[in-house]
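Heads up: the structure comes next, in structure tokens.
The values are calculated or read from the model by the stated rules, or taken from the named source; none is laboratory data. Since the structure is predicted, the reported quantities are computational estimates derived from the model, not experimental observations. Because the Cβ atoms are built from the backbone with ideal geometry, glycine has one as well, and the counts that use them run over all protein chains shown.
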Amino acid sequence: MGVGQGQPRRFHGLPARISLVGVVDKITVPFLITHGGNDRQIPLRYAQQSSTRPPTVRKRGLKIFGEREGGVEHCSADNMEPARSYSPMDRRDVLK
């Protein structure tokens with residue numbers, strides 16, 4: 001089982017307890033959150049909420065990988081190359 005959770009039911013309940021609330025607000029540099037559009041472990045809304053925080057960071061972005069490009073599962077497990085090679089420096093429009 002993953003993340004130190006010995007029992008499947010404990011592991012499957014883990015995403016509900018994973019949150020960047022309170023952590024993202026401490027970031028002081030530009031950042032980019034990437035997320036698989038079909039991630040079944042961490043809800044997309046968590047990435048969306050985190051990408052709007054903290055309001056003091058001017059440049060922040062959210063990249064959601066979709067079916068056409070691949071990388072739609074958790075940690076882009078279905079196809080890691082799109083996430084690995086994605087560079088916000090090549091896409092200055094991403095970090096707004």
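What number of residues within region 20-70 are in a loop (DSSP other than H, G, I, E, B) and over 16 Å from Ala83 (Cα atoms)? Of the residues in region 20-70, 20 are in a loop (DSSP other than H, G, I, E, B) and over 16 Å from Ala83 (Cα atoms).
Out of curiosity, is Phe11 surrounded by 15 or more Cβ atoms within 10 Å (Cβ to Cβ) and modelled with pLDDT of 80 or more? In short, no.
Scanning region 42-78 for residues that are surrounded by 15 or more Cβ atoms within 10 Å (Cβ to Cβ) and on the phi > 0 side of the Ramachandran plot returns Gly70, Gly71, Ser76.
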